[in-house]
Amino acid sequence: MRVLLVADGRSPITHRWIKGLNALQYEVVLVSTFPCESVPGVETLYILPLAFSNLAGSQAGKKPSADSAGPGGLRRSVSRFRSLFMKGRYWFGPLTVRFYASHFRRIVDAEKPDLIHALRIPFEGMLASVAPPEIPVLASIWGNDLTLHAVGSPLMQRWTERTLNRIDGLLADARRDIRLAQQWGYPVDLPTLVVPGSGGIDLDEILQTEPNPNLDKFEISENQHFVVNPRGFRPGSVRNDVFFQSIPLILERYSEVEFLCLAMEGQEEAIRWIRELKIESRVRLLPYLPQPELWQLFRKAKVSVSISSHDGTPNSLLEAMACGCFPIVGDIESLREWVTPGVNGLLVEPAKPQEVAEAVILALSSDSLREQATQVNREIIRARGEAGFVRRQVEAFYLDRLKK
């Protein structure tokens, strides 16, 4: 089978999805909506920088260097004013889909894929929706596609509805998003599949990962109490403001805890919070880490904290669960599908720092709770999120769509 993926070519999720398709012996063509370098496992790579993505860095989650900022420090300005930039993408991003539509159709005509799969709705699914009607189009949906991005502007709403009415199959990482998509216009008689958005977790690969000497430069002690915030900045979704506000409350009980914040190195917003809260000595802002290093960090840390108000099933949650790192996440519908409070993690009100602090203190103080969660979470991953299991489901879903 020849599959054309429309995705962010910088993203580890995209790379893992491609790895899964390669394992099925599929030919993969990638249309990346962000500028990126060559991607392993891809036969042909095209770049269509939708919604001004050419202003982003070259690696998902990685802070652009000063010399890559361009005239006037444009990319640094995007980082500094990310909320304003997001609003601009909501209002003008759909116009870039229309701009690149004819180019995308020429790519489809040249590559002749059996099937097109967009790995999220904005803006990848929107672009895929302009494909010729005779080619099956599938879309994956992320947890904030409908609850946050789709209502960002009238054009976002219009293109979201168009996408859900064009596609021939929908994949989601939470049952909630299937229900929401149907409310937005996805026909109830068309097929759906609920699987992890990254294509699944390779539990054996994670558990067999050797210690990575690259982490030594961060001088992370084996004996220290660590809390990891793994997801960097996701405006409108992840409540890093609440996370930082909880830290002084946690330190009142556990003064020795150190907080490791990934993909926040040099980020002015994080630096400002740390200074205002006077927690410089207990917080470390780390760069973006490749997945093997992230897994090693999860295995060292006691607790992972990712407080989101809009989400599906974050890949970082599944990785933390697989690594035996106790998860604390926002109490929202999609995350209740994975976390049972007091059994394999804790759910907290996303807007309440005190509640976040109490959850972290409870997790740090109870070895038995963390040990129990480790066993339960690995069984959950084996049963619902293991890569081989997901791959078989995806293959059956693809083949079913080709028969229609």
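What the table below lists for this structure:
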read-out	value
Out of Val394, Val390, Val339, sole residue that is in the same structural domain as Met321 (by TED's automatic domain parsing) and at negative phi	Val339
Residues within segment 250-276 that are surrounded by fewer than 16 Cβ atoms within 10 Å (Cβ to Cβ) and of a type in the set (A, V, I, L, M), tallied	1
Which listed residue, of Ile307, Ile279, is in contact (Cβ under 8 Å) with a residue 24 or more places away in the chain and within 25 Å of Asp331 (Cα to Cα)	Ile307
Candidate set: segment 366-376, residues that are without any contact (Cβ under 8 Å) to a residue 40 or more places away in the chain and assigned to a helix (DSSP H, G or I); chosen: the one nearest to Leu207 (Cα to Cα)	Gln375
Residue within segment 161-170 that is touching a residue at least 40 places away in the same chain (Cβ under 8 Å) and under 20 Å from the mean Cα position of the chain (by Cα) present	no
Enumerated strands (runs of 3 or more DSSP E) restricted to segment 1-47, each holding at least 1 residues that are free of Cβ contacts under 8 Å to residues at least 40 places away in the same chain and surrounded by 18 or more Cβ atoms within 10 Å (Cβ to Cβ)	27-32
Count of segment 164-196 residues which are under 20 Å from Leu402 (Cβ atoms) and either among the charged types (D, E, K, R) or surrounded by 17 or more Cβ atoms within 10 Å (Cβ to Cβ) (or both)	11
Residue that is nearest to Arg2 (Cα to Cα) [pool: residues in segment 345-354 that are surrounded by fewer than 18 Cβ atoms within 10 Å (Cβ to Cβ) and touching a residue at least 40 places away in the same chain (Cβ under 8 Å)]	Ala351
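For every residue, the table says whether it meets (1) part of a loop (DSSP other than H, G, I, E, B); (2) under 21 Å from Arg391 (Cα atoms); (3) assigned by TED's automatic domain parsing to the domain that holds Ser53; (4) at pLDDT 95 or above.
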site: Leu95; (1), (2), (3), (4): no, no, yes, yes
site: His103; (1), (2), (3), (4): no, no, yes, yes
site: Leu127; (1), (2), (3), (4): no, no, yes, yes
site: Ala139; (1), (2), (3), (4): no, yes, yes, yes
site: Thr147; (1), (2), (3), (4): yes, no, yes, no
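The values are calculated or read from the model by the stated rules, or taken from the named source; none is laboratory data. These numbers come from a predicted model, not from an experiment. Every residue, glycine as well, gets a Cβ built from its backbone with ideal geometry; the counts of neighbours run over all protein chains shown.
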